[in-house]
Amino acid sequence: GGEGEGGERNKQVYLTQLENIALGGFSGALKTFLLMPLSTLKYCCQQGRPFPTSLLEWYRGVIPMASFMVPITILQMWANGVLERALVKKVGRALSRVETVLVAVVAGALSALLYSPLDLVVIQQQKLKMTLGATLSYIYDQYGLFSFTRGFIPCMIREASYTAGYLGLAPVIADTLNRKYPKIFRNLFVASITGSAIAGVAASLLSHPVDTAKTLIQADIELTQFKGLIDTITHLWTTSGFTEMYNGALVRCIQIIASIFVLSTIRARALIFKENFLARRAAARGTTTGGNNLLRPGATAVVADT
């Protein structure tokens, strides 16, 4: 209730840069902890290992995984916030749904600057069975500094798809469902899980062949078989066809849906909390927040820092 049928809100709420960083750290850590069993399941399926028999084994490696994922989630949310703010300042209005998704795409692509070399080092470390320091030294000594850019383009495409899912597509879909079908999707949880499922399937289907190619490219740092993205995907298609390109796609799809749900829901809750806080503060001062601009479930929130 309380929300009109009208179009876009004329005023929205931004998270500050510091709030985006804090939210990225918290949500990245929480997502890693909650979804670690899914990561373990994916690795077991991909490598043909037996499933763990104790809860502790399902969570083995959760600390290194968190230390890997938290900075990347922070970078994605921070970059998304900076780009949102810059674009709103340029156009002088709230972002459209398409603009919201495009901003998330660019933020995800930028995060590959950090994610791609980290992924390469992890893949090489598993392959070489060396310590982190020894792996870094080996790659640099044998293949040079430029070798750390191996797989950057497919990583950029993968992260653009994923980030578009949780920062753009999922909240936009949830907001649209809430507006058009309020009786069914009035509840934030129902709208968010539906938006996350749709966004997760889309992101997974789009990015899985690219993700498979990225792993092969970064594992083959010697350039013995896989030269680049087009070459690798062509090789996969001609040798193994559709099946090999989507190997392990089901588990990864479930993982992406769950990740998108956790991250987009936490962000939506943070935005609603800030919206309500600002409204209460404005009411206490005897001022107004600018009309009917309550944040709908899953909506993107954006207002410049004050």
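The values are calculated or read from the model by the stated rules, or taken from the named source; none is laboratory data. These numbers come from a predicted model, not from an experiment. Neighbour counts run over all protein chains shown; Cβ positions are idealised from the backbone, glycine included.
Contact map, the stretch 249-275: residues that are within 14 Å of A197 (Cβ to Cβ) and free of Cβ contacts under 8 Å to residues at least 60 places away in the same chain paired with residues that are of a type in the set (G, A, S) and part of a helix (DSSP H, G or I), Cβ distance under 6 Å, separation 6+ or inter-chain. Pairs shown: C253/S204. Annotation: of all residues in the stretch 150-184 being surrounded by fewer than 24 Cβ atoms within 10 Å (Cβ to Cβ) and of a type in the set (F, W, Y), the one that is nearest to L118 (Cα to Cα) is F152. One residue stands out among those in the stretch 91-142 that are touching a Gly at 6+ places or on another chain (Cβ under 7 Å) and of a type in the set (G, A, S): the one that is surrounded by the most Cβ atoms within 10 Å (Cβ to Cβ), which is A104.
All of R252, R296, R267 fail the test of being assigned to a helix (DSSP H, G or I), under 18 Å from L169 (Cβ atoms), modelled with pLDDT under 90 and of a type outside the set (D, E), apart from R252.
Evaluated against (1) under 18 Å from the mean Cα position of the chain (by Cα); (2) in a loop (DSSP other than H, G, I, E, B), R60 falls short on exactly one condition, (1).
Taking every residue in the stretch 100-111 that is more than 16 Å from S264 (Cα to Cα) and pairing it with any residue that is assigned to a helix (DSSP H, G or I) and of a type outside the set (A, V, I, L, M, F, W, C), at least 6 positions away or on another chain, the pairs with Cβ-Cβ distances below 7 Å are A109/E159; S111/Q76; S111/E159; S111/T163. Scanning the stretch 207-230 for residues that are under 20 Å from K127 (Cβ atoms), β-branched (V, I, T) and in contact (Cβ under 8 Å) with a residue 40 or more places away in the chain turns up T215, I217, I221. What about M65, is it part of a helix (DSSP H, G or I) and touching a Gly at 6+ places or on another chain (Cβ under 7 Å)? The answer is no for M65. Scoring N80 on the criteria (1) more than 22 Å from the chain's Cα centre (by Cα); (2) under 26 Å from S207 (Cα atoms) leaves a single failure, condition (1). Among the numbered conditions (1) in contact (Cβ under 8 Å) with a residue 40 or more places away in the chain; (2) crowded, with 18+ Cβ neighbours inside 10 Å; (3) part of a helix (DSSP H, G or I), the only one that I233 does not meet is (1).
Among the residues in the stretch 51-61, are any of a type in the set (S, T, Y), out of contact with any Leu (no Cβ under 8 Å at 6 or more places or on another chain), over 22 Å from V121 (Cα atoms) and free of Cβ contacts under 8 Å to residues at least 40 places away in the same chain? For the stretch 51-61, residues of a type in the set (S, T, Y), out of contact with any Leu (no Cβ under 8 Å at 6 or more places or on another chain), over 22 Å from V121 (Cα atoms) and free of Cβ contacts under 8 Å to residues at least 40 places away in the same chain: present.
Tell me, yes or no, whether the stretch 193-206 has at least one residue that is hydroxyl-bearing (S, T, Y), touching a Cys at 6+ places or on another chain (Cβ under 7 Å) and in contact (Cβ under 8 Å) with a residue 24 or more places away in the chain. So far as the stretch 193-206 goes, yes, one or more of its residues are hydroxyl-bearing (S, T, Y), touching a Cys at 6+ places or on another chain (Cβ under 7 Å) and in contact (Cβ under 8 Å) with a residue 24 or more places away in the chain.
State whether one or more residues within the stretch 217-235 are within 28 Å of R179 (Cβ to Cβ) and modelled with pLDDT of 75 or more. Reasoning before the result, please.
First, pick out the residues of the stretch 217-235 that are within 28 Å of R179 (Cβ to Cβ): none.
Among the residues of the stretch 217-235, not one is within 28 Å of R179 (Cβ to Cβ) and modelled with pLDDT of 75 or more, which makes the answer no.
Determine whether E19 is touching a residue at least 24 places away in the same chain (Cβ under 8 Å), farther than 23 Å from I257 by Cβ and assigned to a helix (DSSP H, G or I). Yes; evaluated as a whole, the condition is true for this residue.
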